[in-house]
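Here is the structure we will look at.
The values are calculated or read from the model by the stated rules, or taken from the named source; none is laboratory data. Note that this is a predicted model, so its numbers are computed, not measured. Here Cβ is always computed from backbone atoms with ideal geometry, including for glycine, and neighbour counts include all displayed protein chains. These area figures cover heavy atoms from the full protein model, side chains too; ligands, DNA and RNA do not enter into them. Shrake-Rupley method; radii C 1.70, N 1.55, O 1.52, S 1.80 Å.
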There are 2 protein chains.
Amino acid sequence: MAYKELCAPKRTIMTPGPVEADPRVLRALSTPILGQFDPAFTEMMNETMDMLRGVFQTSNKWAFPIDGTSRSGLEAVLSSVIEKGDKVLIPIYGRFGYLLTEICERYGADIHIMECEWGDVFNPEDVIEQIKQVQPKIVAMVHGETSTGAIQPLKEIGHACRALDALFIVDAVATIGGTEVLTDEWCLDAVIGGTQKCLSVPSGMAPITFNDRVEAVINSRKKVEKGIATESDHAYERKHSPISSNYFDISQLMDYWSPRRLNHHTEATTMLYALREGVRLVLEEGLENRFKRHRLHEEALIAGIKAMGLELFVEGEKKLPVVTCIKVPEGIDADSVRSLMLSEFGVEIASSFGPLQGKIWRIGSMGYSCQKKNVLFVLAAFEAALIYHGAAIKAGDAIQTVLSFYKREG
Amino acid sequence: MAYKELCAPKRTIMTPGPVEADPRVLRALSTPILGQFDPAFTEMMNETMDMLRGVFQTSNKWAFPIDGTSRSGLEAVLSSVIEKGDKVLIPIYGRFGYLLTEICERYGADIHIMECEWGDVFNPEDVIEQIKQVQPKIVAMVHGETSTGAIQPLKEIGHACRALDALFIVDAVATIGGTEVLTDEWCLDAVIGGTQKCLSVPSGMAPITFNDRVEAVINSRKKVEKGIATESDHAYERKHSPISSNYFDISQLMDYWSPRRLNHHTEATTMLYALREGVRLVLEEGLENRFKRHRLHEEALIAGIKAMGLELFVEGEKKLPVVTCIKVPEGIDADSVRSLMLSEFGVEIASSFGPLQGKIWRIGSMGYSCQKKNVLFVLAAFEAALIYHGAAIKAGDAIQTVLSFYKREG
């Protein structure tokens with residue numbers, strides 16, 4: 001049981017997450033620990049909240065991370081809002097839509113789903129029609145579906161939810177920091193982001209934001225822990241059922257992330273350092289510049305893929321700009337191609353789930369991984385692995401096409 | 001909104017957690033990201049499981065971290081085991097006993113509590129008597145209660161639980177890696193550890209272990225996510241109610257931490273690096289040496305406190321070796337003393353919760369923070385702050401006493 005010091009091999013990570021962390025985020029991670037109530041630390045918490053508002057493009061009071069991976073953010077928001085029997089409408093267009101049903105089901109929601117083919121997205125009008133019929137308390141939806149590489153337009157659905165008094169809860173894990181997420185302008189009531197994708201921070205925190213409509217629902221279910229409650233907490237009369245999870249109880253987390261600083265858990269110090277640095281770098285680059293950079297390298301990647309004669313699984317407006325899905329050519333073992341890329345080139349791309357397993361490859365171009373060198377390297381390794389596996393690819397065209405593209409476009 | 005690069009002040013952290021991370025753990029944190037299914041990463045997952053078995057002193061198959069802070073580990077185990085109406089007996093001797101009731105209540109347990117004065121612990125015979133009367137499915141208990149600085153003997157209760165067929169679930173967040181936790185020998189069915197205390201890893205993960213008795217209960221509630229289920233998963237017939245949380249569903253986490261590697265969440269890469277390095281250093285030092293080191297510095301700290309003429313809140317066998325609680329002398333503002341120590345000396349100690357707030361100070365001597373330099377520095381700052389606040393302390397005695405102690409004892 002005598003293991004050696006940690007030593008990770010060098011990788012080029014072009015999956016839809018986790019992706020490479022920015023070197024400045026990696027450096028921030030090794031900052032020594034501060035106590036969770038140290039004024040130097042609570043100031044960092046406040047700064048992070050402030051910067052998260054910028055990233056979510058919102059004036060919401062509440063924007064802070066849940067201490068867990070992305071799906072902990074989904075579960076925190078959903079479990080804090082959903083009471084047993086609440087109607088929830090979930091339009092599903094890939095794996096992560098099912099995850100929403102999975103979570104809502106466990107919290108006793110009365111779930112209504114709509115489904116469309118994996119790779120497609122919904123016509124907003126169809127969703128709005130369904131909202132009118134079902135009259136849900138909550139509409140929960142994925143913004144960018146990494147399992148298929150598709151992106152759902154949210155603006156019209158958001159406005160309809162507001163008009164019809166439904167809460168609109170959005171999984172923006174894959175899109176935040178990589179493409180527009182206009183929380184306020186699109187009338188998103190709660191948004192859950194991910195760290196390990198376009199923010200280029202390691203997995204382990206889930207930044208969320210929510211508005212006063214959501215806050216009101218959550219506060220109606222508030223309960224303070226017995227071990228730390230004061231008289232006024234005991235006097236508080238609750239009209240709704242308490243939140244089923246203690247860890248994900250956002251009514252308690254608000255007391256922790258506000259001047260009251262009522263102890264809930266011990267904040268994950270190091271991950272907060274990383275998130276603070278990650279969102280700082282996003283705002284330093286500027287959201288517009290950052291989205292533009294993501295579109296540029298997506299275009300380069302697509303040009304290279306097409307030059308190889310391969311087909312995209314999703315194209316055009318419904319394509320998620322930060323994930324590119326490629327159909328596996330007839331007779332090619334998709335997993336064997338990926339394995340060769342990883343073992344020989346140290347380049348990682350992804351397969352998909354359920355009905356798409358073995359049918360498509362997924363290449364992410366997210367955050368720090370979304371850069372020229374990585375695009376060129378993933379294409380070179382991909383081309384070599386395909387030729388090695390006997391695919392009818394003309395050697396060299398992809399890279400030459402992309403080199404010319406970058407020469408022309410920047 | 002233009003914030004500067006992260007810059008944390010230098011602190012000496014002598015609270016009952018979070019404490020200073022080992023510099024080698026801090027260095028491991030800045031290791032570049034690996035994909036969660038990269039063989040180099042899954043090997044690190046396996047190594048971490050193997051080393052965790054060593055730290056928990058168990059031959060259990062299952063020993064892995066939950067991706068959240070310590071209480072996420074408590075909630076994962078309790079929510080995966082407790083079905084609505086299950087009888088749970090919780091003997092409470094401080095704040096974290098109430099936390100167990102808090103979590104169990106939310107999952108619909110039929111809770112039976114026993115309470116003793118904060119600062120005291122239970123006579124095992126009394127707990128065993130209560131187990132016989134209540135006949136609970138589960139007994140849940142805290143091993144080291146950081147809110148009061150007391151430690152509960154568990155061996156007899158564990159053996160009684162086994163004989164009476166109750167599952168014994170233990171919160172060892174404060175004790176793991178700092179004092180003996182004999183999972184197998186004491187018949188603990190599930191144990192939850194903490195990272196940010198005696199392991200000297202940042203907060204944000206919760207290592208757990210559980211045996212086949214617990215595994216059987218959890219597997220009887222198993223459910224595979226719809227988006228990734230295969231035919232054989234659908235055919236599986238569940239006889240018990242499904243687990244209420246998706247994030248904390250240990251039946252799914254076992255599929256993730258075993259060769260099946262079925263995707264649940266994206267593993268918190270960087271925190272896993274830190275945990276792997278942290279447990280590696282624990283085993284490199286050796287558990288016996290590590291416990292001895294914790295006892296040595298505890299003794300030094302106590303000698304210094306007593307030389308100042310201050311009184312301990314808990315003494316003798318029931319004292320938690322890694323937390324020392326001190327009664328606040330009449331007329332002294334406890335929080336003002338702490339503030340001065342932090343702002344002028346950069347030394348952090350803690351207050352307590354609920355009935356003990358303002359009544360005691362708590363000084364931790366845990367993990368990397370548990371070393372001679374820190375003990376001397378916390379005593380020097382504490383003495384100075386007390387004198388500054390008008391306490392009747394003879395200057396210099398504490399430090400001279402402790403210097404002699406170290407000269408004599410090592």
Single condition A:Ala28 does not satisfy, out of (1) open to solvent by less than 20 Å² (accessible area, probe 1.4 Å); (2) assigned to a loop (DSSP other than H, G, I, E, B); (3) facing chain B (nearest Cβ under 7 Å)
(2)
What are the residues in segment A:157-172 that are more than 18 Å from A:Phe56 (Cα to Cα) and open to solvent by 10 Å² or more (accessible area, probe 1.4 Å), if any?
A:Ala160, A:Arg162, A:Ala163, A:Leu164, A:Asp165
Please determine whether any residue of segment B:364-385 is touching a residue at least 40 places away in the same chain (Cβ under 8 Å), over 30 Å from B:Met45 (Cα atoms), among the β-branched types (Val, Ile, Thr) and part of a strand (DSSP E or B).
no
Quick one: is A:Lys318 in contact with a strand residue (DSSP E or B) (Cβ under 6 Å, 6 or more places away or on another chain) and surrounded by fewer than 20 Cβ atoms within 10 Å (Cβ to Cβ)?
yes
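The rows are residues; the columns are (1) free of Cβ contacts under 8 Å to residues at least 60 places away in the same chain; (2) open to solvent by 10 Å² or more (accessible area, probe 1.4 Å).
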position: B:His112; (1), (2): yes, yes
position: B:Trp118; (1), (2): no, yes
position: B:Asn123; (1), (2): yes, yes
position: B:Gly178; (1), (2): no, no
position: B:Cys198; (1), (2): no, no
Mind checking which residues of segment B:301-314 are under 16 Å from B:Gly94 (Cβ atoms) and open to solvent by 20 Å² or more (accessible area, probe 1.4 Å)?
B:Phe313
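Hey, can you tell me all the residues within segment B:180-201 that are within 12 Å of another protein chain (Cβ to nearest Cβ) and touching a strand residue (DSSP E or B) at 6+ places or on another chain (Cβ under 8 Å)?
Within segment B:180-201, B:Gly194, B:Thr195, B:Lys197 meet the criteria.
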When residues of segment A:264-300 are filtered for being among the acidic types (Asp, Glu), open to solvent by less than 10 Å² (accessible area, probe 1.4 Å) and assigned to a helix (DSSP H, G or I), how many remain?
1
Report yes if A:Tyr247 is at pLDDT 95 or above and touching a Leu at 6+ places or on another chain (Cβ under 7 Å), otherwise no.
no
In segment B:1-25, anything part of a loop (DSSP other than H, G, I, E, B) and either open to solvent by less than 40 Å² (accessible area, probe 1.4 Å) or in contact with a strand residue (DSSP E or B) (Cβ under 9 Å, 6 or more places away or on another chain) (or both) is listed as B:Leu6, B:Ala8, B:Arg11, B:Met14, B:Thr15, B:Pro16, B:Gly17, B:Pro18, B:Val19, B:Glu20, B:Ala21, B:Asp22
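So that you can scan it fast, the table gives a plain yes or no per residue for (1) without any contact (Cβ under 8 Å) to a residue 24 or more places away in the chain; (2) not assigned by TED's automatic domain parsing to the domain that holds A:Leu199:
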site: A:Lys4; (1), (2): yes, yes
site: A:Cys7; (1), (2): yes, yes
site: A:Lys10; (1), (2): no, yes
site: A:Gln36; (1), (2): no, no
site: A:Gln57; (1), (2): no, no
site: A:Asn60; (1), (2): no, no
site: A:Ile66; (1), (2): no, no
site: A:Arg71; (1), (2): no, no
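One line per residue, one yes/no per condition, for (1) within 8 Å of chain A (Cβ to nearest Cβ); (2) of a type in the set (A, V, I, L, M, F, W, C); (3) in contact with a Gly (Cβ under 6 Å, 6 or more places away or on another chain):
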position	(1), (2), (3)
B:Pro9	yes, no, no
B:Pro65	no, no, no
B:Gly73	no, no, no
B:Leu78	no, yes, no
Test: residue in segment B:50-67 that is in a loop (DSSP other than H, G, I, E, B) and under 15 Å from the mean Cα position of the chain (by Cα):
yes
Kindly indicate whether any position in segment A:344-361 is touching a residue at least 60 places away in the same chain (Cβ under 8 Å), among the charged types (D, E, K, R), surrounded by 18 or more Cβ atoms within 10 Å (Cβ to Cβ) and within 14 Å of another protein chain (Cβ to nearest Cβ).
yes
Among the numbered conditions (1) of a type outside the set (Lys, Arg); (2) under 19 Å from the mean Cα position of the chain (by Cα); (3) within 14 Å of chain A (Cβ to nearest Cβ), tell me where B:Gly108 comes up short.
(2)
Can you pull out the residues in segment B:392-410 that are open to solvent by less than 60 Å² (accessible area, probe 1.4 Å) and either under 26 Å from B:Gly94 (Cβ atoms) or part of a helix (DSSP H, G or I) (or both)?
B:Asp397, B:Ala398, B:Ile399, B:Thr401, B:Val402, B:Phe405, B:Tyr406
Being within 7 Å of chain B (Cβ to nearest Cβ), surrounded by fewer than 20 Cβ atoms within 10 Å (Cβ to Cβ) and in contact with a Leu (Cβ under 9 Å, 6 or more places away or on another chain) is the filter here, so list the residues in segment A:43-63 that pass it.
A:Gly54
So A:Ser72 clears everything in (1) within 30 Å of A:Arg261 (Cα to Cα); (2) of a type in the set (Ser, Thr, Tyr); (3) assigned to a loop (DSSP other than H, G, I, E, B); (4) open to solvent by less than 20 Å² (accessible area, probe 1.4 Å) except one condition, right? Which one?
(3)
Would you check if there is a residue in segment A:207-219 being open to solvent by less than 10 Å² (accessible area, probe 1.4 Å), modelled with pLDDT under 90 and in contact with a Phe, Trp or Tyr (Cβ under 7 Å, 6 or more places away or on another chain)?
no
Only one of (1) assigned to a loop (DSSP other than H, G, I, E, B); (2) open to solvent by 60 Å² or more (accessible area, probe 1.4 Å) is not met by A:Ser339, so which one is it?
(1)
Considering only residues that are surrounded by fewer than 24 Cβ atoms within 10 Å (Cβ to Cβ) and part of a loop (DSSP other than H, G, I, E, B), look in segment B:246-263 and name the one that is nearest to the other protein chains (Cβ to nearest Cβ).
B:Asn263
If we ask which residues in segment A:32-42 are open to solvent by 20 Å² or more (accessible area, probe 1.4 Å), in a helix (DSSP H, G or I) and at the interface with chain B (Cβ under 10 Å from one of its Cβ atoms), their number turns out to be 2
